[in-house]
Amino acid sequence: MMEQALNGVKVIDLTWHIAGPFCTKLLGDYGADVIKIEMPGAGDPTRKMGPFMRNEPHPERSGLFLYLNTDKRGLTLDLKSHAGKKILWELIRDADILVENFSPGVMDRLGFSYAEVEKINPKLVMTSISNFGQTGPYRDYKASDTIAFAMGGAMSANGVPEREPVAGTRNIKMQECSYMAATATLGSWFGARKDGIGEHIDVSIMESLLGSSDRRDCYLLAYAYTGNTTVRTDPARFRGRFYPNGPYPCVDGWVHTIIQPPDWKAFCIAIGKNEWLSDPRFNNAFDLSLVSEVDGTFIEWLMERTKQKASEELQGKSTICTPFNTPADVFNDNHFKERGFWVEIDHPEAGKLTYPGAPINMTDGGYQIRRPAPLLGQHNEEILCGMLGYSKKDLVRLREMATI
């Protein structure tokens, strides 16, 4: 097994749902030893969230859980019990990183505030992920990815003007926040390793959104310089700003293209309309009266090609065009296969499945899946007996007490 970038880094994972588990998954996939702690008998709520293998709900077959928890060892622990708290303290004592995404105040009530944890392990980096941060008037508010998208202002730019705003794709903000949390955690860990001083990192999902441009650069700049708020634009009007622009049909589906004035010459050559280059009507690239002619000609060209062929021809002329892919299209795309993006993982309950692979490639010592997501409590004995010195008799007693 190859040496990875984070080999030897010990991570205590007190996360659930999406934002926290994806953060710790990133650490684990690059070599860290991540111990995921779950409630006995119930586990992470994503175990009950689909999609499921063969559409049969099962706590060990949730595609979401399986993806978010690769390269983790699983330990069940009741953190409200005296014995459970004692075990967690033993794990914290030798850990490098602790990540949690409980509601603000929960760690304090359990007795694991950063002030207390720091006394036991002053080098520990503790990362807390929550909806609105650990402080402030909104800290106890409930939220979701869609709520964050709406409350953060991004949704106000989505949709048709006469209708209600439209939400973005689910879980984007959660995963974006995870990348930020993992980056901040590693930055602090490097500092702790150098200076011997730990850190408490407060990550707000909402502020991760607010700090991200996420297709809103022009709207944020407009507000910064003019005070004008975002106005939703009719898609048909937006298409007319440049031509062609937007989704277009072809033989087997759709493509999306954006041809701006600098791309006009390459586009004309690509679709065989060189005469447009000398046509004075096209000197003004914003002449909306020509949209129908250009769109009609472009669609005729597209209807003789598949979405992949059309995209390849236009991209070959340095023109933006991509296919609207189905999941099957993406899975079978030669580009991703050649780069080795997809990885096959064999899970004891779900079997062999293909997962998305490395978000970041490294020349050496990078991404590698070493283990599938853990079964609930799968590594209780390995961690408690192998790491902490508990006996088999202790395990029986802890089970009887419902501690594990």
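Please treat every number below as a calculation from the coordinates, not as lab data. Just so it is clear, the structure is predicted and the values come from calculations on it, not from any experiment. Positions of Cβ are backbone-derived with ideal geometry, glycine not excepted, and every protein chain shown enters the neighbour counts.
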Helical contribution to [θ] at 222 nm, DSSP H n ≥ 4, -39,500 (n - 2.57), averaged over the chain, rounded to 500 | -10000 deg cm²/dmol
Which entries in the list 36/392; 48/85; 48/123 go over 31 Å, if you measure between the two C-alpha atoms of each?
-> 48/123
Degrees between helix 217-226 axis and first principal axis of the chain (Cα, 0 to 90, nearest 10) | 80 degrees
Cross-link table 309/352; 265/307; 72/393; 72/194; 194/393, entries beyond 31 Å C-alpha to C-alpha | 309/352; 194/393
Cα-based helix-to-principal-axis angle, 172-195 vs the chain, degrees rounded to 10 | 50 degrees
Per principal axis, largest first, the Cα atoms of the chain extend in Å by 86, 48, 43
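Run through segment 105-192 and list the GluC sites (Glu not before Pro) located in a DSSP loop whose Cβ has at most 13 other Cβ atoms within 10 Å.
Sparse-neighbourhood loop GluC sites (Glu not before Pro): 162.
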